[in-house]
Amino acid sequence: MYQGQSIQVRKLDGGIAELVFDNQTDSVNKFDLRTVNELREAVSAIQGDGGVKGLIVSSAKDVFIVGADIMEFGKNFQQPEEEIVKWSLEANKVFSSVEDLPFPTVTAINGIALGGGFEMALSTDYRVMASKAQVGLPETKLGIFPGFGGTVRLPRLIGADNAIEWIAGGTQQKSDEALKVHAVDAVVAPEKLKDAALRILSLAQSGAYDWQKRRAQKTGPLQLPMVESMMVFETAKGFVAGKAGKHFPAPVAAISAIQKAAGKKRDEALVIEAQAFAKIAKTQAADSLIGLFLNDQLLKKKGKQYAKIARPIKQGAVLGAGIMGGGISYQSASRGIPVIMKDIADKALDLGMSEANKLLANQVTRGKLTAEKAGATLAEIRPTLNYGDFGHVDVVVEAVVENPKVKKAVLAEVENVARPDAVIASNTSSISIDELASALKRPENFLGMHFFNPVHKMPLVEVIKGAKTSPEAVATIVGYASAMGKTPIVVNNCPGFLVNRILFPYFGGWSGLLRDGADFVKIDKVAESFGWPMGPAYLQDVVGIDTSHHVGDVLAEGYPDRMGRDFKTALDVMYENKRFGQKNGIGFYKYETDPKGKPKKLAAEDSYKLIATVQPNGTRDVSDEEIIDRLMIPMVIETARCLEEKIVETANEADMGLILGIGFPPHLGGALKYADIVGLKNLIEKCKKYESLGKLYEPTARMKEMAARGETYYAK
């Protein structure tokens, strides 16, 4: 009946038409402009055939439809609001034409149906779902909300409260949850999906199922009494606003759109959705979060390229047990790659195994793992005091103490017992990869693999190339990091690598603020209000003041012109007084353990006395603007330097490193995206204001050139 590049329509027995999504140019189905246009044509073909008495919508791929093509549709968001409204309404006419067909319709959801994919399914009268499939409307994670009728159809189908939870939360739902709230009408084994869809269609055609009543439910006003409606929507807005925070307006905007459209029929409600969608698509958060999604796609694409030359990893090894070694071992074993964990002391091995066991036990408590599965995972970590089986490992991750002499000795030792082709990686946070490689006979098989603490929570792994590291070794460690569920970013070797090198100028700006009389608690509050998960003083306590002090020394030696310290800092004072932060219960703040065993931050009044010793001119009230400028400008400049020096290949990877490694505010998209938001001309004007503070606030020549030419780090 119809043949396109994304959609085919064929006729089955009994006057049934089957509309099949089958993208001929991609491995998955997604809604791009071509697919929307083909859907319009396919529905016209079905409407023109008087013999059709029912429709099944299905997919020929492993997934149903993964959602809209954000790379393509994201460009639409650069248009004026009224153009976005027009585009949304035109697309919605196509979905409504499916909904208005003069016979019953059923969608067979065989795999993932997200965003526009799930909205497609919502446009039919019934939905049957494979037990392994998942559905959802994740758009709020991109700073937008559903724009293909999701805020209209879903509340009318599953109730306003359930729809708000699904849409505002942006989470994927498994089949049992979808069935429980009546988002789907049946869940069956994958092999029975088509038969079940035909059975539902047959029941609707025979009158056993009232498909017209179901359709009227979706196209009419939301059935919710006024008082109950007020309570549902106002309560939800208050709760969601508190959870999402002021920088992420999409979840609350989605609730408001549902509320405003509640008393309207479908077509009026879709206009309200389109208008609200267009407004939210123009926000800073949407621009940045969509940008981060595209950055992530770039990393995945690069990962696939590396996979072509990566060596397979069937057995890993970790040198150095402890908290970090235990965390790395857990991460590897939990993702199906067995690991040998070696140390020189039983006590350290016990600590490493205890860390892995604690993480697994936590998964069991939260219902994420069965006790049997946890036990099997723990058994994949083999503690040892010798190198007995190291001749069989594919990759070794060294995680011993952050001391170049110790690391060199251990690395040379393991190279002698490992296979000649084994890749050896150092989990160093600051020591030069080339310096460590000088101890090895096969430096081509050596590189850095920098995990962030805590390993199980932090998504980033920096993969650091040395001067002699081979492309195969890089690709192998990228593959290993990806297999461990981490996001690897490849960087070149330099003091501090990428993330710490950029973080410490931020700390340098903070030290200068404290020296000049700012209140450390106020700085933290302003930084957190700006969007950081924690302010700089609190972050120092979490990182560990001794650790931060050590890395600061390494970076001061590497970049003395801007990271060298020509004054005694508040961090120096805390370090001298052995106030190491959370690890010993006292830093800038003091810490007590809460009932869940987590450190609870409390005021430490004596911190002010200690800081006063390095405030030569006493204290003063510093404006919020000055605090943000003095923290952020050094970070932006250092990120620009890393890009210019080719420490990192693209602005996208630099920004993703900061988002994933140190929690840079996602609604601002990273340091270089933030530079684009502020505008390089404005940023350079701000630099002039602070030029007396030294090299830390001096923009690069390339930044000045870009500003003069009106260039940006990201294409507009």
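The values are calculated or read from the model by the stated rules, or taken from the named source; none is laboratory data. If you're wondering where the values come from, they're calculated on a predicted model, not measured in any experiment. FYI the Cβ positions are ideal-geometry reconstructions off the backbone, even for glycines, and counts take in every protein chain you see.
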Only one of these conditions is not met by Val636: (1) more than 20 Å from Tyr559 (Cα to Cα); (2) assigned to a helix (DSSP H, G or I); (3) not small (Gly, Ala, Ser). Which number is it? (1)
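Out of all the residues in region 683-692, is one or more under 29 Å from Pro488 (Cα atoms), in a helix (DSSP H, G or I) and free of Cβ contacts under 8 Å to residues at least 40 places away in the same chain?
To start, the set of residues in region 683-692 that are under 29 Å from Pro488 (Cα atoms) comprises none.
No.
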So, Lys11, is that one of a type in the set (D, E, K, R), in the same structural domain as Asp195 (by TED's automatic domain parsing), surrounded by 14 or more Cβ atoms within 10 Å (Cβ to Cβ) and under 20 Å from Ala204 (Cβ atoms) or not? yes
Being over 21 Å from Gln172 (Cα atoms) and out of contact with any helix residue (DSSP H, G or I) (no Cβ under 9 Å at 6 or more places or on another chain) narrows it down to one of Gly54, Gly48, so name that one. Gly48
In region 148-197, which residues are assigned to a helix (DSSP H, G or I), closer than 23 Å to Val98 by Cβ and touching a strand residue (DSSP E or B) at 6+ places or on another chain (Cβ under 7 Å)? Trp166, Ser175, Ala178, Leu179, Leu193, Lys194, Ala196, Ala197
Being surrounded by fewer than 16 Cβ atoms within 10 Å (Cβ to Cβ) and farther than 14 Å from Pro155 by Cβ is the filter here, so list the residues in region 246-267 that pass it. Lys246, Asp267
Any chance you could count how many residues in region 391-405 are part of a helix (DSSP H, G or I) and within 35 Å of the chain's Cα centre (by Cα)? 2
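Considering Ile659, Ile627, which residue is over 16 Å from Leu503 (Cβ atoms), touching a residue at least 60 places away in the same chain (Cβ under 8 Å) and crowded, with 22+ Cβ neighbours inside 10 Å?
Ile627
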Determine which single condition Asp176 fails, assuming it passes every other condition in (1) within 33 Å of the chain's Cα centre (by Cα); (2) closer than 20 Å to Asn110 by Cβ; (3) surrounded by 17 or more Cβ atoms within 10 Å (Cβ to Cβ). (3)
Out of all the residues in region 456-469, which are surrounded by fewer than 24 Cβ atoms within 10 Å (Cβ to Cβ) and more than 17 Å from Leu299 (Cβ to Cβ)? His456, Lys457, Ala467, Lys468
When residues of region 548-565 are limited to those that are touching a residue at least 60 places away in the same chain (Cβ under 8 Å) and out of contact with any Ser or Thr (no Cβ under 8 Å at 6 or more places or on another chain), the one surrounded by the most Cβ atoms within 10 Å (Cβ to Cβ): Met563
Give just the number: which of (1) over 17 Å from Ser202 (Cβ atoms); (2) more than 37 Å from the chain's Cα centre (by Cα); (3) not basic (Lys, Arg) does Leu33 not satisfy? (2)
Here the qualifying pairs (Cβ atoms under 8 Å; residues six or more apart or on different chains; first in region 82-101 and assigned by TED's automatic domain parsing to the domain that holds Val52 and under 17 Å from Ala257 (Cα atoms); second aromatic (Phe, Trp, Tyr) and modelled with pLDDT of 95 or more) come out as Ile84/Phe277; Val85/Phe277; Ser88/Phe148; Ser88/Phe277; Asn92/Phe148
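Just to verify a result, which residue in region 450-506, among those that are of a type in the set (S, T, N, Q) and closer than 21 Å to Asp655 by Cα, is modelled with the lowest pLDDT? Lay out the reasoning, then the answer.
Restricting attention to region 450-506, the residues satisfying the condition of being of a type in the set (S, T, N, Q) are 453, 469-470, 476, 482, 487, 492-493, 500.
Next, only the ones that are closer than 21 Å to Asp655 by Cα stay: 453, 482, 487, 492-493, 500.
Numbers: Asn453: 86, Ser482: 96, Thr487: 96, Asn492: 97, Asn493: 97, Asn500: 95.
The selected residue is Asn453.
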Count - residues of region 385-421 that are touching a residue at least 60 places away in the same chain (Cβ under 8 Å), charged (D, E, K, R) and loosely packed, with under 13 Cβ neighbours inside 10 Å: 1
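Against the definition (under 30 Å from Gly15 (Cβ atoms), β-branched (Val, Ile, Thr), assigned to a loop (DSSP other than H, G, I, E, B) and touching a strand residue (DSSP E or B) at 6+ places or on another chain (Cβ under 8 Å)), how does Thr124 come out, yes or no? Before you say what the answer is, go through the steps one by one.
Details: under 30 Å from Gly15 (Cβ atoms): yes; β-branched (Val, Ile, Thr): yes; assigned to a loop (DSSP other than H, G, I, E, B): yes; touching a strand residue (DSSP E or B) at 6+ places or on another chain (Cβ under 8 Å): yes.
Here the answer is yes, as Thr124 does meet what is asked.
Looking at region 248-350, what helices (runs of 4 or more DSSP H) fall wholly within it and have at least 1 residues that are assigned by TED's automatic domain parsing to the domain that holds Phe452 and more than 26 Å from the chain's Cα centre (by Cα)? First the steps, then the outcome.
Numbers: elements: 250-261, 266-281, 284-307, 322-334.
Of the helices (runs of 4 or more DSSP H) lying wholly inside region 248-350, those with at least 1 residues that are assigned by TED's automatic domain parsing to the domain that holds Phe452 and more than 26 Å from the chain's Cα centre (by Cα) span 322-334.
Surrounded by 20 or more Cβ atoms within 10 Å (Cβ to Cβ), of a type in the set (Ser, Thr, Tyr) and touching an Asp or Glu at 6+ places or on another chain (Cβ under 9 Å): does that describe Tyr480?
Numbers: surrounded by 20 or more Cβ atoms within 10 Å (Cβ to Cβ): yes; of a type in the set (Ser, Thr, Tyr): yes; touching an Asp or Glu at 6+ places or on another chain (Cβ under 9 Å): yes.
For Tyr480, the condition - surrounded by 20 or more Cβ atoms within 10 Å (Cβ to Cβ), of a type in the set (Ser, Thr, Tyr) and touching an Asp or Glu at 6+ places or on another chain (Cβ under 9 Å) - is met.
Matching residues to (1) polar (S, T, N, Q); (2) under 18 Å from Pro634 (Cβ atoms); (3) at pLDDT 95 or above:
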| residue | (1), (2), (3) |
| --- | --- |
| Arg565 | no, yes, no |
| Thr569 | yes, yes, yes |
| Asp572 | no, no, yes |
| Phe580 | no, no, yes |
| Lys583 | no, no, no |
| Tyr589 | no, no, yes |
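Of all the residues that make up region 538-593, how many are among the charged types (D, E, K, R) and not in a helix (DSSP H, G or I)?
Step one: of region 538-593, the residues among the charged types (D, E, K, R) are 541, 546, 553, 557, 561-562, 565-566, 568, 572, 576, 578-579, 583, 590, 592.
Checking which are not in a helix (DSSP H, G or I) leaves us with 565-566, 568, 578-579, 590, 592.
Going through region 538-593 one residue at a time, the tally reaches 7.
Go over the candidates Gln275, Gln259 one by one and state the one that is closer than 20 Å to Phe73 by Cα and among the polar types (S, T, N, Q). Can you show your working first?
Details: Gln259 fails: closer than 20 Å to Phe73 by Cα.
Answer to the selection: Gln275.
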Which members of region 652-674 meet the condition of being part of a helix (DSSP H, G or I) and either farther than 19 Å from Ala286 by Cβ or among the basic types (Lys, Arg) (or both)? Glu653, Ala654, Gly657, Leu658, Leu660, Gly661, Ile662, Ala671, Lys673
I'd like to check something: does region 422-434 contain any residue that is surrounded by 14 or more Cβ atoms within 10 Å (Cβ to Cβ), at pLDDT 95 or above and in a helix (DSSP H, G or I)? yes
Which of the following residues is surrounded by fewer than 18 Cβ atoms within 10 Å (Cβ to Cβ) and among the polar types (S, T, N, Q): Asn492, Asn453? Asn453
Quick check, is Lys237 loosely packed, with under 13 Cβ neighbours inside 10 Å and either out of contact with any Asp or Glu (no Cβ under 8 Å at 6 or more places or on another chain) or not in a helix (DSSP H, G or I) (or both)? no
Inside region 268-304, can you point out the residues that are closer than 21 Å to Glu90 by Cβ, surrounded by fewer than 23 Cβ atoms within 10 Å (Cβ to Cβ) and β-branched (Val, Ile, Thr)? Val271, Ile272, Ile290
Can we say Lys75 is at pLDDT below 95, out of contact with any helix residue (DSSP H, G or I) (no Cβ under 7 Å at 6 or more places or on another chain), surrounded by fewer than 17 Cβ atoms within 10 Å (Cβ to Cβ) and outside any loop (DSSP other than H, G, I, E, B)? yes
Of residues in region 436-483 being of a type in the set (Gly, Ala, Ser), out of contact with any Lys or Arg (no Cβ under 8 Å at 6 or more places or on another chain) and assigned to a loop (DSSP other than H, G, I, E, B), the one nearest to Lys405 (Cα to Cα): Gly466
